[in-house]
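Undergrad: Pasting a structure below so you can have a look.
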Amino acid sequence: MELRMTNVTKTFRDVNAVEHVSKTLESGVYGLLGVNGAGKTTLMRMLCTLIRPTGGTITWDGNDIFALGGEYRKMLGYLPQDFGFYPDFTVQDYLYYIAAIKGLRPTTARQRTDRLLEQVGLSKERNQKMKKLSGGMKRRVGIAQAMLNDPRILILDEPTAGLDPGERIRFRNLLSELAQDRIVLLSTHIVSDVEYIANEILLMKDGRIVLSGTSEELTAALLESVWICTAPSEQVGAYLQNYKVANVKTLQGNAQLRIVSPEPPAKDAAADIPTLEDVFLYYFGEKAGEEDVSL
Amino acid sequence: MFRYEIKKVFARTGGKVALLLLALALAAGCWMAADTYYVNENGDKEYGAAAAHRLRALQKEWSGTLDEEKLRLAIGEITALAATPQAQSQDVKENNIAFGRGQATYGIRGLLNDAFAVDFQTNDYYRAEHLTPAMAGDFYANRIRLLREWLTDERGNAYYRYSDAEKAYLLRQYETLETPFSYDYTNGWTRLFEWYPWIAMSTVMILGYLVCGIFSGEYQFRADAVFFASRYGRDKAVAAKVQAGLVIVTAVYWAMVGLYSAYVLAYYGADGISCPVQAASSYWKCLYHITIGQMYVLVVTGGYIGCLFISGLVMFLSASCRSAVAAVMTPFVLIFLRSFLEMTDSNVIEKAMGLCPDLLLQMNRTLCLFNLYEPGGKVIGAVPILFALYGALTALLVPTVYKAYRKGRDS
């Protein structure tokens, strides 16, 4: 079970959305982390055969995925970022339809639908029309449809977008449960989505994978680069201008700053244990998704 | 997959509204086709199915071979009636009484008006009243004579419009019509044909709306990514869409035509099915040698091919453009295309106009048009070309729609 990208490039007119990406994915959870516009969605769409690379190859166990066609797609589960559905279908009809186009037999489709609806907590809503569901519920249906065919490759593009904190925790637990013996590629700009469940995190920037490794490996690279220091409130602006500031905490006229920098930003700065969010800030120059703060 | 494609179309509110519109169009078509009256002996008009049945009973008295003898009798009766005080009266009521008495020969009167018209393109409602029984023998010959005069009149358009071969073809068609032909009460069929274009055109316009969503829906609802990333998203699921489109067009069209035909024929009666179309005044000039029954087959089959072609084009456009906006306009454009082209004065465009797809939806009128073509030097009427052309194009459209959609969107 090996999904290999070799020198994959995708150009839209004169814009390189994905540039020379080479990576081999084997069983496990991969977190694709990057800011909006980094090329995550384009890369995922290529992995789902929705768009063809301008250059390079993508192979599944040595065979070109575009040549494999339906044989490849039958192993694929995909939840797109802008998950669309048929508003007048009930949840059950929608899942039965997706099961049909995924090639599942009606009996299997019914069994899988029942089980997945239970897993995503939507058993009671099975006869509701899709258009009547809340945003979080729609997302859960999206996750269920991706899992219908028990895919060996599960590609989830921003799966937690629109989910509340509770739903996101439930999703992570569900994903951990489902991740056995399959490749799961999960894109997000929310660090905590992948921090604890991803076996490997791929940092994507400007169409390239700039760094990859386990959460520990990535954070280890930032040892002695994350600092905590205290400064008068009036100096906070200067720090924000000159450093990558991960956090500012106000303390009675002063501010405690968490700064990512190769050098100590102040004499009294103390090194702190780096987190994946610090890594994100270090490479992307901006903070990870806001929802992360709430978890 | 197929079942869900059908469900997608009719589950949305627009699909239900379209079904309602189809029902309304059918009801309107039936109502208009059933708009007839019978004038009783008091000169009063009676309406409804009973009136249609009384009229039928009257006109059936004249059914049979329309030979010289029958024509002589009919002329005698028409002229005698025209000379009655009621017919001559200035009082409308009296005129109505006279009209009522002439209802039995109303169909033959129309044919006499055509046969003895001043020229090929004129129709005088009172012409039959000025005939003599002795003129009955010229009835069939006049049909040919008027055509010949029209084709050879240098002051007319026909002289320049048709080549010698085409003129010869038209005359040959007229000359070879088997006469005397059988005559019968044909109101059921003529009324059916008269309002059939309304049924076909409203059906194709509503069908266009119904089927365009089959292919643009995934893009409209942003469900395309999941669809195309699925196992059958590039083959069987696309084929199910094409199949759903064809089944919807077929089911809706035949349901509309079947219900409309059943209603009109039940209302008026289906008499005259084996008469040549020329036995009905509306089709007196028709150049094709077909019976009314054969004409019905041509009308409904032509309508079906037209519906399939136009709906296929709608599906192709919505599959290619991934939008229903342009596609849903297609039936309107195709139906009104000839109206725009008529403004131009070009022989080529005139020839092209004779092959516009809307002609399939109004085959009853198309059969009366003298649209001729000379492929390979052989003169042929537009009707067989229309059937062959759009039959072939429709057959081509099916795999084209499939191929256009399965590509998805690479952007």
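The values are calculated or read from the model by the stated rules, or taken from the named source; none is laboratory data. These figures come from a predicted structure and were not determined experimentally. Note that each Cβ is placed from the backbone with ideal geometry, even for glycine, and that neighbours are counted across all protein chains shown. Side chains are part of the model used for accessible areas, which takes the heavy atoms of the whole protein and leaves out ligands, DNA and RNA. Shrake-Rupley method; radii C 1.70, N 1.55, O 1.52, S 1.80 Å.
Undergrad: Within 10 Å of each Cβ in peptide A:97-107, how many partner chain Cβ atoms are there on average? Round it to a whole number, please. Spell out each step's value before the answer.
TA: On the way: counts 10, 6, 2, 11, 14, 7, 6, 1, 0, 0, 0.
Average per residue, whole number: 5.
Undergrad: Considering the alpha-carbon set of segment A:160-220 alone, what are its Rg and its Dmax in angstrom?
TA: 12.3, 32
Undergrad: A further question follows. Cut-off under 21 Å on the C-alpha distance; same-chain residues fewer than 8 positions from B:Lys167 excluded. Which lysines are left, in chain and number order?
TA: Of all the lysines, those that pass the test against B:Lys167 - Cα under 21 Å, at least 8 places apart if same chain - are B:Lys285, B:Lys351, B:Lys378.
Undergrad: Let me ask something else about it. What are the ³J(HN,Hα) couplings of segment A:37-46, residue after residue, when phi is run through the Karplus curve with 6.51, -1.76, 1.60 and θ = phi - 60°? Round to Hz, x for glycine and proline.
TA: x, 6, x, 4, 5, 4, 4, 5, 5, 5
Undergrad: Working from the pairwise distances between different alpha carbons, so that the mean of 1/r is found and then inverted, what is segment A:77-142's Kirkwood radius in Å?
TA: On the way: mean 1/r = 0.0842 Å⁻¹.
The Cα-based Kirkwood calculation yields 11.9 Å.
Undergrad: Measure off 7 Å from each Cα along the Cα-to-Cβ vector at B:Leu341 and B:Thr250, then give the distance between these two points in nanometres to one decimal.
TA: 2.9 nm
Undergrad: To the nearest 10 degrees, how steeply does helix A:91-101 sit against the main Cα axis of chain A, on a 0 to 90 scale?
TA: In chain A, helix A:91-101 runs at an angle near 70 degrees to the longest axis.
Undergrad: May I ask you to rank B:Tyr159, B:Tyr253, A:Tyr96, B:Tyr47 by accessible area, largest first, using a 1.4 Å probe over the protein chains only?
TA: Details: B:Tyr159 75, B:Tyr253 0, A:Tyr96 40, B:Tyr47 140 Å².
Per-residue accessible area, sorted high to low, gives B:Tyr47, B:Tyr159, A:Tyr96, B:Tyr253.
Undergrad: Could you work out the local net charge near B:Arg191, counting Lys and Arg as +1, Asp and Glu as -1, over the other residues with Cβ closer than 14 Å to its Cβ? Please report the intermediate quantities before stating the final value.
TA: Details: positive: B:Arg56; negative: B:Asp35, B:Glu194, B:Asp271.
Value of the local net charge: -2.
Undergrad: If you don't mind, there's one more thing I want to ask. Report, in listed order, any pair from B:Lys8/B:Lys236; A:Lys129/B:Lys16; A:Lys40/A:Lys129 with a Cα-Cα distance greater than 25 Å.
TA: Values: B:Lys8/B:Lys236 17 Å; A:Lys129/B:Lys16 16 Å; A:Lys40/A:Lys129 31 Å.
Cα-Cα > 25 Å for A:Lys40/A:Lys129; rest within.
Undergrad: Same structure, new question: If I model a spin label at B:Glu149 and B:Gln88 as a point 7 Å from the Cα along the Cα→Cβ vector, what separation in nanometres do I get?
TA: Rounded to a tenth, the inter-label distance reads 2.9 nm.
Undergrad: How big is the Kirkwood radius of segment B:53-191, worked out from every pair of different alpha carbons and given in Å to one decimal?
TA: Values: mean 1/r = 0.0606 Å⁻¹.
This gives a value of 16.5 Å.
Undergrad: In square nanometres, what is one fourth of the surface area of the convex hull spanned by the alpha carbons of chain B?
TA: Details: hull surface 92.5 nm².
Hull-based average projected area comes out at 23.1 nm².
Undergrad: B:Glu69 to A:Thr108: FRET efficiency via 1/(1 + (r/R0)^6), r the Cβ-Cβ distance, R0 56 Å, to the nearest 0.05? It would help to have the intermediate numbers written out before the result.
TA: Values: r = 78 Å, r/R0 = 1.39.
After rounding, the FRET efficiency stands at 0.10.
Undergrad: Now, a different point. Specify the angular offset, from 0 to 90 degrees and rounded to the nearest 10, of the alpha carbon long axis of helix A:106-119 from the longest principal axis of the alpha carbons in chain A.
TA: 30 degrees
Undergrad: Same structure again: Taking segment A:211-267, how much of its Cα-Cα pair set, in percent, is spaced more than 13 angstrom apart?
TA: More than 13 Å apart: 61 percent of the Cα pairs in segment A:211-267.
Undergrad: Here is a follow-up. Compute the normalised compactness of segment B:203-298: alpha-carbon radius of gyration over 2.2 N^0.38 Å, N being the residue count.
TA: Values: Rg = 21.0 Å, N = 96, 2.2 N^0.38 = 12.5 Å.
For segment B:203-298, the normalised Cα radius of gyration is 1.68.
Undergrad: Still on this structure, I have one more. As a test of the definition: which semi-axes, in Å, follow for segment B:131-171 when you take the square root of five times each eigenvalue of its alpha carbon gyration tensor? Largest first, please.
TA: Numbers: eigenvalues 129, 25, 4 Å².
That gives 25, 11, 5 Å for the three semi-axes.
Undergrad: Taking the simple approach of a point 7 Å from Cα along Cα-to-Cβ for both B:Ala392 and B:Val118, what is their distance in nm?
TA: Taking the two extended label points, one gets 4.5 nm.
Undergrad: B:Thr400: accessible area at probe 1.4 Å, nearest 10 Å²?
TA: Counting only protein heavy atoms, the figure is 60 Å².
Undergrad: Name the residue, out of A:Asp93, A:Asp14, A:Asp206, whose mean-square fluctuation peaks in a Gaussian network model built on chain A with Cα pairs under 10 Å.
TA: A:Asp14
Undergrad: Okay, moving on. Quick one: work out Rg over Rh on the C-alpha atoms of segment B:282-402, Rh as Kirkwood radius. Each step should come with its number before you reach the end.
TA: Numbers: Rg = 15.3 Å, Rh = 15.4 Å.
Radius of gyration over Kirkwood radius for segment B:282-402 works out to 1.00.
Undergrad: While we're on this one: Once you list every other residue whose beta carbon is under 15 Å from the beta carbon of A:Ala270, what net charge do they have if Lys and Arg are +1 and Asp and Glu are -1? Before the final figure, lay out each step's value.
TA: On the way: positive: A:Lys249, A:Arg258, A:Lys267; negative: A:Glu224, A:Glu263, A:Asp268, A:Asp272, A:Asp278.
Counting the neighbours of A:Ala270, the net charge comes to -2.
Undergrad: Quick one: accessible area per residue over segment B:236-386, 1.4 Å probe, rounded to a whole number of Å²? Show your work: numbers first, answer last.
TA: Working: 5650 Å² over 151 residues.
So segment B:236-386 comes to 37 Å² accessible per residue, rounded to a whole number.
Undergrad: Determine the gain in length on full extension of the stretch B:Leu177-B:Val348; use 0.36 nm per residue of separation and subtract their C-alpha separation, reporting nm with one decimal. Write down the numbers at each step before the final one.
TA: On the way: separation 171, 0.36 × 171 = 61.56 nm, distance 3.03 nm.
Gain in length upon complete extension: 58.5 nm.
Undergrad: Just to verify a number: FRET efficiency for B:Tyr126 and B:Glu374, C-beta to C-beta distance, R0 = 60 Å, to 0.05? Present the calculation step by step, with values, prior to reporting the outcome.
TA: Values: r = 40 Å, r/R0 = 0.66.
Efficiency at R0 = 60 Å is approximately 0.90.
Undergrad: List every residue whose amide H lies under 5 Å from the amide H of A:Glu158, counting only residues 5 or more places away in sequence or on a different chain, with H placed 1.01 Å from N in the peptide plane.
TA: Hits under the 5 Å cutoff: A:Ser187, A:Thr188.
Undergrad: List, in order, the whole-Hz ³J(HN,Hα) value for each residue of segment A:207-219 obtained from phi through the Karplus relation with A = 6.51, B = -1.76, C = 1.60 and θ = phi - 60°; use x for Gly and Pro.
TA: Per-residue couplings from phi come out as x, 10, 8, 8, 7, 8, x, 6, 4, 5, 5, 5, 6 Hz.
Undergrad: Using only the Cα atoms of the protein assembly as shown, construct the convex hull and provide its projected area averaged over every direction, in square nanometres to one decimal. Provide the component values of the computation, followed by the final result.
TA: On the way: hull surface 175.7 nm².
Mean shadow area of the hull around the Cα atoms is 43.9 nm².
Undergrad: Let me ask you something else. Given just the C-alpha atoms of segment B:266-350, how large is their convex hull per residue in cubic angstrom?
TA: Values: hull volume 14.2 nm³, N = 85.
For segment B:266-350, the hull spanned by Cα atoms encloses 168 Å³ per residue.
Undergrad: Counting only other chains, what is the mean number of Cβ atoms within 10 angstrom of the Cβ of each residue in peptide A:70-80?
TA: Working: counts 7, 1, 2, 7, 3, 1, 4, 3, 5, 3, 6.
Mean inter-chain Cβ contacts per residue within 10 Å come to 4.
Undergrad: Something else: Tell me, what is the FRET efficiency for A:Asn7 and A:Leu68 to the nearest 0.05, using R0 = 22 angstrom and their Cβ-Cβ distance as r? Write out the running numbers ahead of the final one.
TA: On the way: r = 19 Å, r/R0 = 0.87.
Efficiency computed from Cβ-Cβ geometry: 0.70.
Undergrad: By how many degrees, 0 to 90 and rounded to 10, does the Cα axis of helix B:236-268 deviate from the longest principal axis of chain B?
TA: 20 degrees
Undergrad: Amide H of A:Val210: which non-local residues (sequence gap of 5 or more, or other chain) have their own amide H closer than 5 Å, using H built in the peptide plane?
TA: A:Leu203, A:Met204, A:Lys205
Undergrad: Which aspartates and glutamates have a Cα less than 16 Å from the Cα of B:Lys45, not counting those fewer than 8 places away in the same chain?
TA: B:Asp35, B:Asp91, B:Glu94
Undergrad: In whole Hz and in residue order, list the ³J(HN,Hα) couplings for segment B:384-395 that follow from phi through the Karplus curve 6.51 cos²θ - 1.76 cosθ + 1.60, θ = phi - 60°; x for Gly and Pro.
TA: Each residue of segment B:384-395 in turn: x, 5, 4, 5, 5, 4, 7, x, 5, 5, 5, 4 Hz.
Undergrad: Right, here's the next one. Which entries in A:Lys131/B:Lys7; A:Lys102/B:Lys403; A:Lys23/A:Lys205; B:Lys7/B:Lys241 show an alpha-carbon gap greater than 18 Å? If you can, show how the numbers build up before the last one.
TA: Working: A:Lys131/B:Lys7 16 Å; A:Lys102/B:Lys403 20 Å; A:Lys23/A:Lys205 15 Å; B:Lys7/B:Lys241 11 Å.
Among A:Lys131/B:Lys7; A:Lys102/B:Lys403; A:Lys23/A:Lys205; B:Lys7/B:Lys241, the Cα-Cα distance tops 18 Å for A:Lys102/B:Lys403.
Undergrad: Something else: Could you tell me the extents of chain A's C-alpha atoms along the three principal axes, largest first, rounded to whole Å?
TA: That works out to 68, 44, 35 Å along the principal axes.
Undergrad: In whole Å and largest first, what semi-axes does the C-alpha gyration tensor of segment A:1-119 yield when each eigenvalue is scaled by 5 and square-rooted?
TA: On the way: eigenvalues 173, 60, 37 Å².
In descending order, the three semi-axes are 29, 17, 14 Å.
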